[in-house]
Each structure stands twice: as C-alpha cells, then as structure tokens.
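Undergrad: Input: one structure, supplied below.
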Amino acid sequence: MSRRPRVGLASNELVRRRYVDDADLARLETVADFSYREFSLGDAQHPAQRDPGAEAELGEFAADLDVLVVCHGAPFVSSDVLAAAPGLTLLGELEGDRFAHRLDVAAANARGVRVVDTSNGSSWPTAEWALGLALIGRRNAGALFRRMIAREPTYLSAEERSGPGYDAAELTGKRVGMIGFGHVARSLVELLRPFRVETRVFDPYAARDLAEPYGVAFAPLVTVLESDVVFVLVPETSTTVGMLGEAELALLRPGAVFVNVSRGMVVDAAALLDRLRRGDVIACLDVFDPEPLPLDSPLVDLPNVFCTPHIAGVTEESRRRFFSLMVDECLRHFDGLEPLYELTPQVVARRG
C-alpha cells in the first residue's frame, strides 16, 4: 500500500467518549490514520435500524477507508454501504454480541472483506462475576445478608450452622458444569484452576480438541446439570431460548448452586421459580426474563436466591477493552495476519 491505511469509527458520541482510550488510539495512529463519524441510530441490544439516508452517509464516510468499525448508534452496514467503499478490507463491530447486529456478514464475505467482532471484551468481568456468584452461592451468603439487613440474629448455634451454606459449602474440589463454552466459559476455566474443580461442559458447537488444553470434559446436558455448581454461559438464540425447562431444572441436585450470567430467556422463568420454591438449591442470577426484573417478582423474596441487575460484564475496563481489542485486530490485519475474533457467515448462522 503506497499510503497509510485509513481506519474509521462510526458510532454515537457516548461510544467515542467512553470506549476509545487515548493510549489505544495512539497505538493505532502509529500505523494508520483515524477518523470518526457520529451517528445516533438504534441501541445496544437490537439490530441497527434500516435507514437509507444514514446508510448512504455511512457509505460516503467509508468510501476511502481500509477498515470500518461500527458500534452503538451506527446504521446497518449493508451491501450498498460496502459497494460504496471498494477499498475496505476489514469490517469490525466493537460490541455486537457476535450476532452481526449492524453488519451484512455474507455481503462482506462475498467481497473478500474480513469481519471481526470484539464483544468478548466483556468476557473477563463476566467470568469474574460468575466465579463470585458461585462463591456467594456455595456459602448461601444471600440468605445471610437478608438476615443481617432484617436485623435478625446471625450468630447461630453450632446446631443451626448446617444445611445450605455450611454443608459441602466450599468450592474447592467440587464438580462444576458449564452450559456453553465460549469466551466467558474459557476465561472462567482459568479463574477456577486454583479451586481444583472437575469441569464438565455441554456445548454441541465447541471444538472437542479444546478439552485437553482447558482440562475439561464434554458431556451431555443431563450430566452437566448434575454438578455441584452449574454455570449458564450460552447466548440467546433460537436454539437456546427455553432450553432449561422443568425437566432440566429437576436434574439439579439438592445443595447445587445455579448461576446464570448469560441471558434470562435461556431458562423457563416459571419452571425456575417452581424449582427454587422447593428450597433445596441456590440460584445466583444476573439475568432474568423479563428484564429488568419486576420489583414485585417472587424471586426477590426467596431466601435461596441472590440477584444482581445484569451487571456482570459492565465495567469501565471492558468498555475500553472493546476498542483495545479492535486496535489489536487492525494491527494484525495490517501485518498480514489472520484475526483472532473473526465473524463468519457460519458463526452467524449458528446464532440465528
């Protein structure tokens, strides 16, 4: 290339202000020219609105770019946008949950434009919080906190210190089950190593040769659900919505801890409530169906439930990490290397 490559970011102003760290931008600008265009369509959770005018503006912005990066607020990157930007070789989405909310991946693929998605920037805090919830659940700490804020006695007799939170309450050496083995699960495996757990995984899409390096065993869902701690780590797709219903939740063993940091709709809400009302398992939930959790939800009153308001992946570090990972991908691309976080038509199809 006879000139410096050109990288453009299209997003709302909040993304530009909160996601783009000066140090990462400086890393990018050592090898490329950077430009920004503000858009204000759509939100973080849904496909971008189809707006012909905004798409035309995006095409004009991308006309002389080598790399186009989009995020919240940007219009859809359609085949028309791609046609208006013949020099594009890389297309990226900072935070799209790897669903291609703002990208026509098939059209990009047909033009030889590689697509990357750095949504896994929030995998690290999500994995950390999943571990934290497991520890809270094993000690039934939510119930203890309820007693304290209700000004009830908390220094119990030796006879009272039994049952959930006391019997087999340690995480060390326990059997862990993971439903899903994406970025969050693989980060969680690393965090769990000091606890010397036995990890069983259900994921029909994960490559089986991951088992040896990560020290896990793949197993049917029924086997994974019989673990001491069950982590729900799958995305919300047409095949995962409602995948954990009455029959599956009945397999949770007494004393088990059920942790969900993925999406609420993966679990049948009524079946989960019925299972928890039996009182013999502990649930630590960061996601719900519906969401946000209604203030009058019966879940709030159950002593064996610990709730947080969908904050597992929400940290300032993760916001900055989305752009930092994208800069890494750009630098790899300019060096002629393959991306780490490529989004292909096959990946999108599996998440349909």
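Undergrad: Which one of the conditions (1) free of Cβ contacts under 8 Å to residues at least 40 places away in the same chain; (2) assigned to a loop (DSSP other than H, G, I, E, B) does Asp80 fail to meet, given that it meets all the rest?
TA: Exception for Asp80: condition (2).
Undergrad: Out of all the residues in region 65-84, is one or more under 30 Å from Gly279 (Cβ atoms) and small (Gly, Ala, Ser)? Step through it out loud before you land on a result.
TA: To start, the set of residues in region 65-84 that are under 30 Å from Gly279 (Cβ atoms) comprises none.
The answer is no, given that none of the residues of region 65-84 is under 30 Å from Gly279 (Cβ atoms) and small (Gly, Ala, Ser).
Undergrad: Name the one entry in Asp328, Asp286, Asp268 that is charged (D, E, K, R), crowded, with 17+ Cβ neighbours inside 10 Å, touching a strand residue (DSSP E or B) at 6+ places or on another chain (Cβ under 8 Å) and without any contact (Cβ under 8 Å) to a residue 40 or more places away in the chain. Walk me through it before giving the result.
TA: Working: Asp328 fails: touching a strand residue (DSSP E or B) at 6+ places or on another chain (Cβ under 8 Å); Asp286 fails: without any contact (Cβ under 8 Å) to a residue 40 or more places away in the chain.
Asp268 is the lone residue from the list that is charged (D, E, K, R), crowded, with 17+ Cβ neighbours inside 10 Å, touching a strand residue (DSSP E or B) at 6+ places or on another chain (Cβ under 8 Å) and without any contact (Cβ under 8 Å) to a residue 40 or more places away in the chain.
Undergrad: State the number of residues belonging to region 339-352 that are in contact (Cβ under 8 Å) with a residue 12 or more places away in the chain and either surrounded by fewer than 10 Cβ atoms within 10 Å (Cβ to Cβ) or more than 14 Å from Ala108 (Cβ to Cβ) (or both).
TA: Filtering region 339-352 down to residues in contact (Cβ under 8 Å) with a residue 12 or more places away in the chain leaves 339-345, 347-348, 350-352.
Next, from what is left, pick out any that are either surrounded by fewer than 10 Cβ atoms within 10 Å (Cβ to Cβ) or more than 14 Å from Ala108 (Cβ to Cβ) (or both): 340-341, 350-352.
Number satisfying all stated conditions: 5.
Undergrad: Moving to a separate point now. (1) assigned to a loop (DSSP other than H, G, I, E, B); (2) modelled with pLDDT of 90 or more; (3) out of contact with any helix residue (DSSP H, G or I) (no Cβ under 7 Å at 6 or more places or on another chain): which one isn't true of Glu57, the others all being true?
TA: (1)
Undergrad: Kindly indicate whether Leu28 is in contact (Cβ under 8 Å) with a residue 40 or more places away in the chain, crowded, with 21+ Cβ neighbours inside 10 Å and not in a helix (DSSP H, G or I). Steps first, answer last, please.
TA: On the way: in contact (Cβ under 8 Å) with a residue 40 or more places away in the chain: yes; crowded, with 21+ Cβ neighbours inside 10 Å: yes; not in a helix (DSSP H, G or I): no.
Taking the combined requirement at face value, the residue does not satisfy it.
Undergrad: Quick one: is Leu191 in the same structural domain as Arg278 (by TED's automatic domain parsing) and assigned to a loop (DSSP other than H, G, I, E, B)?
TA: Values: in the same structural domain as Arg278 (by TED's automatic domain parsing): yes; assigned to a loop (DSSP other than H, G, I, E, B): no.
So Leu191 does not fit the description; no.
Undergrad: Further question on the same structure: Identify the residue in region 188-238 that is of a type in the set (A, V, I, L, M, F, W, C) and in contact (Cβ under 8 Å) with a residue 60 or more places away in the chain and, among all such residues, is surrounded by the most Cβ atoms within 10 Å (Cβ to Cβ). Spell out the reasoning first.
TA: Taking region 188-238 and keeping what is of a type in the set (A, V, I, L, M, F, W, C), we get 188-189, 191-192, 195, 197, 201-202, 206-207, 210-211, 216-219, 221-222, 224-225, 229-234.
Restricting the remaining residues to those that are in contact (Cβ under 8 Å) with a residue 60 or more places away in the chain gives 188, 191-192, 229, 231, 233.
Numbers: Leu188: 26, Leu191: 15, Leu192: 24, Val229: 27, Phe231: 30, Leu233: 27.
Only one residue fits best here, namely Phe231.
Undergrad: Determine the pairs where a residue that is assigned by TED's automatic domain parsing to the domain that holds Thr344, located within region 84-96, has a partner that is surrounded by 23 or more Cβ atoms within 10 Å (Cβ to Cβ) and aromatic (Phe, Trp, Tyr) with Cβ atoms under 7 Å apart, the partner being 6 or more residues away or on another chain.
TA: Once the first residue is assigned by TED's automatic domain parsing to the domain that holds Thr344 and sits in region 84-96, its partners that are surrounded by 23 or more Cβ atoms within 10 Å (Cβ to Cβ) and aromatic (Phe, Trp, Tyr) give Leu94/Tyr19; Leu94/Phe322; Leu94/Phe323; Glu95/Phe322.
Undergrad: Conditions: (1) without any contact (Cβ under 8 Å) to a residue 60 or more places away in the chain; (2) over 12 Å from Phe258 (Cβ atoms); (3) of a type in the set (Lys, Arg). Arg319 meets all but one. Number of the miss?
TA: Only one criterion in (1) without any contact (Cβ under 8 Å) to a residue 60 or more places away in the chain; (2) over 12 Å from Phe258 (Cβ atoms); (3) of a type in the set (Lys, Arg) is unmet by Arg319, namely (1).
Undergrad: Considering region 109-146 alone, what residues qualify as being at pLDDT below 95, closer than 16 Å to Val257 by Cβ and not polar (S, T, N, Q)?
TA: Correct list: Arg139, Ala141, Gly142, Ala143, Leu144, Phe145.
Undergrad: Would you mind stating whether Leu88 is surrounded by 16 or more Cβ atoms within 10 Å (Cβ to Cβ), at pLDDT 95 or above and assigned to a loop (DSSP other than H, G, I, E, B)?
TA: Details: surrounded by 16 or more Cβ atoms within 10 Å (Cβ to Cβ): yes; at pLDDT 95 or above: yes; assigned to a loop (DSSP other than H, G, I, E, B): yes.
Considered against the rule, which asks whether it is surrounded by 16 or more Cβ atoms within 10 Å (Cβ to Cβ), at pLDDT 95 or above and assigned to a loop (DSSP other than H, G, I, E, B), Leu88 comes out as yes.
Undergrad: Here's a follow-up. Of these, Leu337, Leu299, Leu295, which one is of a type outside the set (Gly, Ala, Ser), touching a strand residue (DSSP E or B) at 6+ places or on another chain (Cβ under 8 Å) and farther than 22 Å from Leu188 by Cβ?
TA: Working: Leu337 fails: touching a strand residue (DSSP E or B) at 6+ places or on another chain (Cβ under 8 Å); Leu295 fails: touching a strand residue (DSSP E or B) at 6+ places or on another chain (Cβ under 8 Å).
Residue meeting the stated conditions: Leu299.
Undergrad: Taking Ala130 as meeting all but one of (1) in contact (Cβ under 8 Å) with a residue 12 or more places away in the chain; (2) in a helix (DSSP H, G or I); (3) not assigned by TED's automatic domain parsing to the domain that holds Gly173, write down the number of the exception.
TA: So the condition that Ala130 fails would be (3).
The values are calculated or read from the model by the stated rules, or taken from the named source; none is laboratory data. The shown structure was predicted, so the numbers you read here are calculated from the model rather than taken from an experiment. Virtual Cβ from ideal backbone geometry, glycine too; neighbours counted across all protein chains shown.
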